[in-house]
Amino acid sequence: MLGSLLTALTAAAERSRSAGRTTSERIRRFETEQLTLHVLAATIVFLIILPVLIAALVSTKRAGIVTSIGDLAPGGHALSNYRRALIGLEFWRFMLNSFLMSVAVVVGKLVVSLLAALVIVYYRFPYKNAVFLFILFTLLLPVPVRFVPLYRLTTELGMSNTFFAITVPYLASATTVFILRQHFLSIPASLVETAKVDGVGPLRFLWSVLVPMSRAVLVGVSVIMFVYTWNQYLWPLVIINAESLQVAQVGLSLLRGQASTGEVAWSMVMTGSMLTLLPPLALLVLFRRQLLETFTIQQK
Amino acid sequence: MSTREVFTDRLQAGVLLLPTMVVSLVFLYYPTVRAVGLSLYRASLARGDVFVGLENYRRLASSSEYLRSVLISVLFAACVVVGVMAVALCVSFLIHEIDVGKGVYLVAVIWPYALPPAVAGLVFLFIAHPNIGIFTSYIEAFGVDVNWFSNGPQAFVVVLIAAVWKQVGYNVIFMTAALGNVPESLTETAELDGVSRTRRLLRVYVPIISPTLVFLVIMNTIYGFFGTFAMVDLMTKGGPAGATNILIYDLYRTAFQFYEFGFASAKSVVLFVAVGLLMYGQFRLSDRYAYYGG
């Protein structure tokens, strides 16, 4: 960063000399320019955060009717609102279900995909490319194009309204296998050769060499998978009828229905929204470095 | 690569691959094949299935309601792609040009990647509500009658804004990474030549990061088609009068409001073909652009 600042300054100085201006003038112009950029960036950040900021403020009010900026002063009902949403309206149950679903999918996908990626990178066997294509091809089959027949299948298996239905169908992941494969390919081949010579088996190699060497990527894909699973709406909506098994996203739509009929205040809907936003947001902020690193692998 | 393939036990390989293969086969491939089969039947949960051949597809082709839904989906996805990418490009460029505090701005801008679509929909429903929305009175002061619960084009725009808001962050992640990979020397040369900022972005950076842009066009199109389901469901229910009835919502209603599973399967097959064409397009395009993408 310091280097680029220096080059930019040198370049600026160069140009100002040829234009017959002093270096200090150029530096001042450079600083004003940076200031403008910062003001612009701050404005954009503000606009992007604003809707959630409003929602957060509304979640602290009793009724939550805010029809002008002046109504936005935070209210004193934050604690009672969140308590009412979590306990009174049993939102804790939706949150817990979402959490269990997400953790199960993350852990399951991670194990299943690690095994698949291990085989695809470190095994020699016939039709390997066909197998890899078979896995990659599932990218063409997102939930929306198959949820109707999947619903029939799950119902016929007697699995609708079960934890099974909102976890197992998610366990195969072309994206995760692909990211892990790319990452394994960037690990020197000599490592596995040494392991082989030393008589280390594939699972041991996976556990004590690959996993420790892939920590950042594993955290990154876990965050991606968690956000993806936590935010699922369509599939739980159609396959889960029992409220006791329902997830937070669909729980929100129940709150929305109650708000439009006047059963609960809008502040309650915003309280639920903030609760639902919190877990994935916290993970993104905590693990932003690993997440960004993993995304750059995905695109290759 | 071949030097890495040190393990040769085929049985082991098969066992380790088994979980991924079984789940893919049972929950991904089989339902897709089944959708094709089911699309040839008149099927509902209550009554048995009756084979009707291509009748469902004939019905699709002649349904003006469905064709309208196709048009709305394409228009909506196009607006999402253009809106998201224009905003994200400006934001990414801005962050790229800033010297101090890049990391903070980046997180402050990309967080909506984690935002649940249902939350995005509800928050926008609330702040843009025709009766109790916080911005409603200000917008109406400009002479616009905010009534998107009954005004189709307005509803389309409100859902679009919510959709763009949620998706910009995801695009910024990839764009800033791509901009960060542009060789420093190119920027310096452009600066020494006195190329203005905007021209530098459009003439130097955009061509270099075009493989990323192609990738994002596809991802945003798929998002526009599918990722906005929760927003439509919570904000407009496809209305008013079908103005936001995008294909995925139309499909959902066919299956779970009217319980026409055969007809819904035909619609699923159409979506599958659309996704396939998009992915194929990305594959071909990124192949072509890869030469100067590096």
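The values are calculated or read from the model by the stated rules, or taken from the named source; none is laboratory data. It should be emphasised that the depicted structure is a prediction, and the values quoted were computed from it without experimental measurement. Because the Cβ atoms are built from the backbone with ideal geometry, glycine has one as well, and the counts that use them run over all protein chains shown.
List of remarks:
- Within the stretch A:51-73, tally of residues that are away from chain B (no Cβ under 14 Å) and of a type outside the set (K, R): 1
- Filtered residue count, the stretch B:121-147, keeping only those that are free of Cβ contacts under 8 Å to residues at least 40 places away in the same chain, assigned to a helix (DSSP H, G or I) and buried (at least 16 other Cβ atoms within 10 Å of the Cβ): 4
- Which listed residue, of B:S92, B:S63, is polar (S, T, N, Q), under 26 Å from B:V214 (Cα atoms) and modelled with pLDDT of 90 or more: B:S92
- Of the residues making up the stretch B:4-14, not a single one is more than 8 Å from chain A (Cβ to nearest Cβ) and touching a Leu at 6+ places or on another chain (Cβ under 9 Å).
- Pair list, Cβ under 8 Å, 6 or more apart: the stretch A:14-42 residue within 29 Å of B:G103 (Cα to Cα) and of a type in the set (A, V, I, L, M), other residue in a loop (DSSP other than H, G, I, E, B) and at pLDDT 80 or above: A:L37/B:I98; A:A41/B:I98
- Checked against (1) polar (S, T, N, Q); (2) at the interface with another protein chain (Cβ under 9 Å from one of its Cβ atoms); (3) touching a Ser or Thr at 6+ places or on another chain (Cβ under 6 Å), B:T236 passes all but a single condition, namely (2).
- Residue within the stretch A:149-158 that is without any contact (Cβ under 8 Å) to a residue 12 or more places away in the chain, within 26 Å of the chain's Cα centre (by Cα), in the same structural domain as A:G201 (by TED's automatic domain parsing) and over 22 Å from A:L180 (Cβ atoms) present: no
- Residue satisfying all of: in the stretch B:130-147; among the small types (G, A, S) and within 12 Å of chain A (Cβ to nearest Cβ); farthest from B:N220 (Cα to Cα) among these: B:A141
- Looking only at the stretch B:148-172, and only at residues there that are more than 13 Å from B:Y223 (Cα to Cα) and of a type in the set (S, T, N, Q), the one that is surrounded by the most Cβ atoms within 10 Å (Cβ to Cβ): B:Q154
- Within the stretch A:70-125, being β-branched (V, I, T) and farther than 30 Å from A:Q182 by Cα holds for one residue alone: A:I87.
- Subset of the stretch A:256-299 (residues that are part of a loop (DSSP other than H, G, I, E, B) and at the interface with chain B (Cβ under 10 Å from one of its Cβ atoms)): A:Q299
- Matching residues in the stretch B:194-232 - criterion: being within 12 Å of chain A (Cβ to nearest Cβ), over 18 Å from the mean Cα position of the chain (by Cα) and crowded, with 20+ Cβ neighbours inside 10 Å: B:I209
- Boolean, A:S253 is touching a Lys or Arg at 6+ places or on another chain (Cβ under 6 Å) and in a helix (DSSP H, G or I): no
- Qualifying positions in the stretch A:215-234 - surrounded by fewer than 21 Cβ atoms within 10 Å (Cβ to Cβ) and not aliphatic (A, V, I, L, M): A:R215, A:Y228
- For the stretch B:35-85, filtered to residues that are among the basic types (K, R) and free of Cβ contacts under 8 Å to residues at least 60 places away in the same chain, the residue that is farthest from the other protein chains (Cβ to nearest Cβ) is B:R58.
- Which numbered condition A:S267 misses (of (1) over 19 Å from A:R93 (Cβ atoms); (2) modelled with pLDDT of 95 or more; (3) buried (at least 21 other Cβ atoms within 10 Å of the Cβ)): (2)
- Selection from the stretch A:142-164 of residues that are hydrophobic (A, V, I, L, M, F, W, C) and crowded, with 21+ Cβ neighbours inside 10 Å: A:V145, A:F147, A:V148, A:L150
- Checking A:L96, A:L118, A:L139, A:L114 one by one, the residue that is out of contact with any Phe, Trp or Tyr (no Cβ under 7 Å at 6 or more places or on another chain) and at pLDDT below 90 is A:L139 and no other.
- Test: A:L210 is closer than 16 Å to B:L16 by Cβ and surrounded by fewer than 14 Cβ atoms within 10 Å (Cβ to Cβ): no
- The stretch B:96-120 residues that are at positive phi and facing another protein chain (nearest Cβ under 7 Å), paired with ones that are surrounded by 24 or more Cβ atoms within 10 Å (Cβ to Cβ) and in a helix (DSSP H, G or I) (beta carbon under 6 Å, 6 or more apart): none
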